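To start, the structure itself, in structure tokens.
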Amino acid sequence: MSASGRTAEDPVRDGGTLDGRTALELFDAQLVSRHLDLAARWLRSFGEGFYTIGSSGHEGNAAVALAVRPTDPALLHYRSGAFYCARVAQAEAEGSAARAEPPDGAAHRVGVAERVAEAMRGQDGNGNSGDRGDDDADDGAVAPEAVLDAARDVLRGVVASADEPIAGGRHKVFGNADVAVVPTTSTIASHLPRAVGIGFAIERLRRLGDGRGRPTGRRAAGGAAWQRGEAESAWPSDAIVVCSFGDASVNHATAVAAFNTAGWCDHTGLRIPVLFVCEDNGLGISVKSPDGWVAQTLRAKPGIRYFSADGCDLVETYDVAVEAAAWVRRYRRPAVLHLSTVRLMGHAGADAEIGYRSAAEIARDVARDPVVATARLLAEAGLGTPEELIARYDEVGWQVRKVAEEVLGERKLDSAADIVAPLAPRRPVRVARAITDAAGRAAGPGAAARGAAFDGKLPEQAGPLTLAQTINAALADGLLDYPSMTVFGEDVAAKGGVYGVTKGLRERFGAPRVFDTLLDETSILGLGLGAGLSGMLPVPEIQYLAYLHNAEDQLRGEAATMQYFSRGAYRNPMVARIAGLAYQDGFGGHFHNDNSLAVLRDVPGLVLAVPARADDAAPMLRSCLASAAVDGSVCVFLEPIALYHTRDLHAEGDGEWLAPYLGPGGWTASHVPIGRGRVYGVGSAEDVTIITFGNGVRMSLRAAAKLAEEDVGVRVLDLRWLAPLPVADIIREAQATGRVLVVDETRRSGGVGEGVVAALVDAGFVGSARRVASIDTFVPLGPAARHVLVSEEAITQGARTLLAR
């Protein structure tokens, strides 16, 4: 018992619930976090550290870590270092307890906090009394091993070590799959929509399953149970999501979207168990948050319960965090915990904050230093003298510096192959096998359920189908084969999509699997990101390509980076369906005829599929779904709107743009691997090669028929996949004729054609090449669009020009 009469089991302060043992654990996490910031700057001083944004002043967030469970998924702000250290120690302590519960009568197991307390009282860390002599100065005073493990993780990230456990030297992040910490990028607030998506997925899997996140086997489609396998949640069924962010982030569009979606879901009765944690130091680099603005903003969020605490007061932060977490866990509803913190040592190592803050302002923050506040708390509780606590600070600092010196010599990423290895793994043989297995299930044990889902009218028996009808049937087959697959977006359920592509799916598979969302593309993709990370196979729909641009960073900055920044420990499989491209008759204008794909082709690792014909659409969609399931791929399935209901190719009534839907017996033979094109021969097919995609395929085939009347043989290569491009097919078909016409319905600048021509140049193509592309402008309304888009006449004339050279 201390001089104050308190023991480590007693509350460390009157009126609070934080006991001395837990306070000591948190103090260690705070000390390690503070010294990590100092070590990062030390490393930077001689060119060996590459990241100096620190957590100093935010160390109170360690209390939030202990207020939740180590199995609760956490998406952390870049100033949540103490949370990370506390989470690692918490997980290790709980794991040790689970592995080695002592039998009755066995010696008492000394825990982390107890070793710290004993060290401060002059014991050796194993429960033995005795003064520390100079010869054994390290005994009992070392920081808990788990906290030093966390320090090693972080410092490996700072020095870009290839041995860093989550990103492997690709970025400095807080992430660890063993303790449910999901790495986030430095894009401000972009992780919040994903956090909402994880909360959604936890509850949706509970609804679909038996309480463990597993489907019960009872299907909305037909009633009979057949399954490929269990769709198991990545998280416990009673988990909550923890998501931290800075005060300046509340103004960001992605944060607004996340709050709005969480509140919207709560208003409609959907449960979203997310605890948002706003770490409010009053600054966004140099820009101050207006007094009271953050609190007023967060309090005003409908459907989100507000909690607040002084983030520099460990007791208050812990007690309020426990209350907030318990409320979210009990009611499965969103809440925000607003912590008032300070920012010490500037925004980052190179930030001289004296240039934009007064000395008095900086001094006020220093006076609230949470590490000093915790030390004062422990001293007042009699759990350590000021001298012991200062010695503890110095000792932990020495240990962290020692770890920093150790990681200096670790290897760095030293080849492009190593760097890109986890970006977008491709296992085409496994993908093909998955499709063959799916066919076997659909034709075998799943045949009855498949027949029931289609109400006895199988699509392969319906005759030739349009592109839209084929996609509908392929989505239905996907929902049958993947128990965790969901289809969602604006108007996809009740209406069946604005073009009828998802018509009837909700009736067949139920509202939990096919549902309408609010009108916000950022949130739609965020739901998909969280669902994929949690073990589902999300198929979100973006209603029009032009609407994607509001939300494209959810694909670029979040979806495409997850495997890259976690070395595959986390992944977010997704097949995002997007209706796009131009040439709609009677319904036009830029926002419904967008032809810009540059942003999608620029995203590393993203798969971009563009089916032009019905007989390609189903196999390509199956490939995307299988690749997402097998490899965690992020796929965009871009559907040409103008071809959705097209029936004819050359003449009205010829029906040549329709195609029969292949049943399971034909899925293996018709498989379309990612990155493989399709070749059409017209006439002799020896004179000109046309390379195109989407609407360009139909126009090129029509132009080729006209050229054949002039004895010009044409090969038409439908790229089908715009990322990755079918480069081998491009080179082969170009060499077959020596003359290449690239027909690109996107814009001349930044269009797909640039990539095709570059592939030809890189391969040393020595023939003639020419491009026909749309003009660099937005697509106007009505007949005016014909003046800026590629036309059949332009294709025909382009081919003739090539032949005349």
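General observations
- Residues that are open to solvent by less than 40 Å² (accessible area, probe 1.4 Å), more than 39 Å from the chain's Cα centre (by Cα) and within 16 Å of LEU719 (Cβ to Cβ), drawn from the stretch 744-798: ILE795
- Test result for GLY675, open to solvent by less than 30 Å² (accessible area, probe 1.4 Å), within 17 Å of ALA612 (Cβ to Cβ) and in a helix (DSSP H, G or I): no
- The stretch 19-77, residues that are open to solvent by less than 10 Å² (accessible area, probe 1.4 Å) and on the phi > 0 side of the Ramachandran plot: GLY57
- For GLY199, the conditions (1) within 18 Å of GLY81 (Cα to Cα); (2) at pLDDT 95 or above are fulfilled apart from (1).
- Any chance ASP149 is modelled with pLDDT under 95, part of a helix (DSSP H, G or I) and not small (Gly, Ala, Ser): yes
- Only one of GLU541, GLU507 that is at pLDDT 95 or above and open to solvent by 30 Å² or more (accessible area, probe 1.4 Å): GLU507
The rows are residues; the columns are (1) out of contact with any helix residue (DSSP H, G or I) (no Cβ under 8 Å at 6 or more places or on another chain); (2) closer than 24 Å to ALA609 by Cβ; (3) modelled with pLDDT under 95; (4) surrounded by 23 or more Cβ atoms within 10 Å (Cβ to Cβ).
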residue	(1), (2), (3), (4)
ALA708	yes, no, no, no
LEU719	no, yes, no, yes
PRO724	yes, yes, no, no
ARG732	yes, yes, no, no
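- Conditions (1) surrounded by 18 or more Cβ atoms within 10 Å (Cβ to Cβ); (2) under 30 Å from PHE50 (Cα atoms); (3) at pLDDT 95 or above; number of the one not met by GLY346: (3)
- Taken together, the residues in the stretch 568-605 that are farther than 21 Å from PRO780 by Cβ, in contact (Cβ under 8 Å) with a residue 60 or more places away in the chain and touching a helix residue (DSSP H, G or I) at 6+ places or on another chain (Cβ under 9 Å) amount to 15.
- Within the stretch 510-520, restricting attention to residues that are open to solvent by 10 Å² or more (accessible area, probe 1.4 Å) and without any contact (Cβ under 8 Å) to a residue 60 or more places away in the chain, the residue that is nearest to LEU548 (Cα to Cα) is LEU519.
- The set of residues in the stretch 143-182 being of a type outside the set (A, V, I, L, M, F, W, C), open to solvent by 10 Å² or more (accessible area, probe 1.4 Å) and under 22 Å from TRP235 (Cα atoms) consists of PRO165, ASN176, ASP178.
- Taken over the stretch 686-698, residues that are in contact with a Gly (Cβ under 9 Å, 6 or more places away or on another chain) and open to solvent by 10 Å² or more (accessible area, probe 1.4 Å) amount to 2.
- A residue that is of a type in the set (A, V, I, L, M, F, W, C), within 25 Å of the chain's Cα centre (by Cα) and at negative phi occurs nowhere in the stretch 309-318.
- Among the candidates HIS77, HIS35, HIS108, the residue that is more than 34 Å from the chain's Cα centre (by Cα) and either in a loop (DSSP other than H, G, I, E, B) or at pLDDT 95 or above (or both) is uniquely HIS108.
- Any hit, the stretch 95-104, residues being open to solvent by 10 Å² or more (accessible area, probe 1.4 Å) and touching an Asp or Glu at 6+ places or on another chain (Cβ under 6 Å): no
- Cβ pairs under 6 Å, 6+ apart, first in the stretch 669-695 and at positive phi, second open to solvent by 50 Å² or more (accessible area, probe 1.4 Å) and not in a loop (DSSP other than H, G, I, E, B): ALA685/ARG715
- For the stretch 322-357, a tally of residues being within 19 Å of ALA248 (Cα to Cα) and basic (Lys, Arg) returns 2.
- Hits in the stretch 371-384 (condition: surrounded by 15 or more Cβ atoms within 10 Å (Cβ to Cβ) and either touching a strand residue (DSSP E or B) at 6+ places or on another chain (Cβ under 9 Å) or over 16 Å from MET345 (Cβ atoms) (or both)): ALA373, THR374, ALA375, LEU377, LEU378, ALA379, ALA381, GLY382, LEU383, GLY384
- Only a single criterion out of (1) β-branched (Val, Ile, Thr); (2) assigned to a helix (DSSP H, G or I); (3) more than 17 Å from GLY311 (Cα to Cα) is not satisfied by THR71, namely (2).
- Taking the criterion of being outside any loop (DSSP other than H, G, I, E, B), of a type in the set (Val, Ile, Thr) and surrounded by fewer than 17 Cβ atoms within 10 Å (Cβ to Cβ), the only residue of the stretch 385-398 that qualifies is ILE390.
- In this structure, GLY496 does satisfy being at pLDDT 95 or above and surrounded by fewer than 21 Cβ atoms within 10 Å (Cβ to Cβ).
- Among the residues of this structure, ARG401 counts as one that is touching a residue at least 40 places away in the same chain (Cβ under 8 Å), assigned to a helix (DSSP H, G or I) and in contact with a helix residue (DSSP H, G or I) (Cβ under 9 Å, 6 or more places away or on another chain).
The values are calculated or read from the model by the stated rules, or taken from the named source; none is laboratory data. Because the structure is predicted, anything quoted here is derived from the model rather than measured. Quick reminder, even Gly has a Cβ in these numbers, built from the backbone with ideal geometry, and neighbours come from all protein chains shown. For the accessible areas, the whole protein counts, side chains as well, though only heavy atoms, and no ligand, DNA or RNA atoms are used. Shrake-Rupley method; radii C 1.70, N 1.55, O 1.52, S 1.80 Å.
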